[in-house]
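Any read-out appearing in this document is the output of simple, stated calculations on the displayed coordinates, not a laboratory observation. Predicted model only: the values in this text are computed from it and were never measured. Here Cβ is always computed from backbone atoms with ideal geometry, including for glycine, and neighbour counts include all displayed protein chains.
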Amino acid sequence: MSNHLLVGIIMGSDSDLPVMQAAADFLKSMEISFELTVVSAHRTPERMVTYAQTARSRGLKVIIAGAGGAAHLPGMVASLTTLPVIGVPIKSSNSIDGWDSILSILQMPNGVPVATVALNAAKNAGILAAQIIGAFDGTIASKLNDYKKSLQDDVLKKADGLKTSWPNEYDGK
């Protein structure tokens, strides 16, 4: 991984790290450099403003922001930068089955978009960040092609495994 940071991964609390770790792990596997930190929209608003306003000048290309409960972090960060922001709604201990987080991130007003992945789907946020970077970086695009091929290979291997138990399984023709 280069020392030049490309992705910022932020979360509202360190209790979100078990979910957000999946984004970091995927970016590591793609050899995409990132930073990871806690930035609370409610408890450290000045830190959030500074983080968002300096992200581009620090070289970031994408920000992944995870938050639970009221989940204002992704939208507030998106309001302060022109970088793409990917929101990860997190089912937190004070969450209403995660719906509060999902809707807080998903229902952004026109003019302040946040790309939103499924509840606790930080890996998908990492993949989406890699795809955004891969749109302009052939090396990353190639690694993503390999990753997508591995997903296909896994499914086909499982389908082949079913043939022994279910001989009338669809053969793909």
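Tabulated results
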read-out	value
3J(HN,Hα) from dihedral phi, the stretch 101-113, Karplus parametrisation 6.51/-1.76/1.60, rounded to Hz, x for glycine, proline	5, 4, 5, 5, 8, 6, 8, 7, x, 3, x, 10, x
Within-13-Å neighbourhood charge of S92 [Cβ basis; K, R +1; D, E -1]	-3
Formal net charge of residues neighbouring T81 (Cβ-Cβ distance under 13 Å; K, R +1; D, E -1)	+3
Cα-based helix-to-principal-axis angle, 17-29 vs the chain, degrees rounded to 10	60 degrees
Gain on full stretching of the segment that runs from S57 to D97 - 0.36 nm per residue minus C-alpha separation	10.7 nm
Relative packing of peptides 28-35, 81-88 - highest average C-beta neighbours within 10 Å first	81-88, 28-35
Per-residue [θ]222 nm for the chain (sum of -39500 (n - 2.57) over DSSP H runs n ≥ 4, rounded to 500)	-14500 deg cm²/dmol
Length-normalised contact order of the chain in % [C-alpha pairs under 8 Å, at least 6 apart]	21 percent
Cubic angstrom per residue, convex hull over Cα atoms of the chain	153 Å³
With Cα atoms, 0 to 90° folded angle of helix 122-134 axis to the chain main axis	90 degrees
For peptides 61-69, 126-134, 96-104, 153-161, sequence by mean Cβ density within 10 Å, most packed first	61-69, 126-134, 96-104, 153-161
Rounded tilt (10° steps) of 45-54 against the dominant C-alpha axis of the chain	70 degrees
Efficiency of FRET from Cβ geometry, N168 and E46, R₀ 45 Å, rounded to 0.05	0.10
Under 18 Å from K157, Cα to Cα: aspartates and glutamates that are on another chain or at least 8 residues apart	D146, E169, D171
For the stretch 68-116, alpha-carbon Rg and Dmax in angstrom	10.3, 31
Cα-centred dipole magnitude for the stretch 23-123, charges only on beta-carbon of K, R (+1) and D, E (-1), debye, nearest 20	200 debye
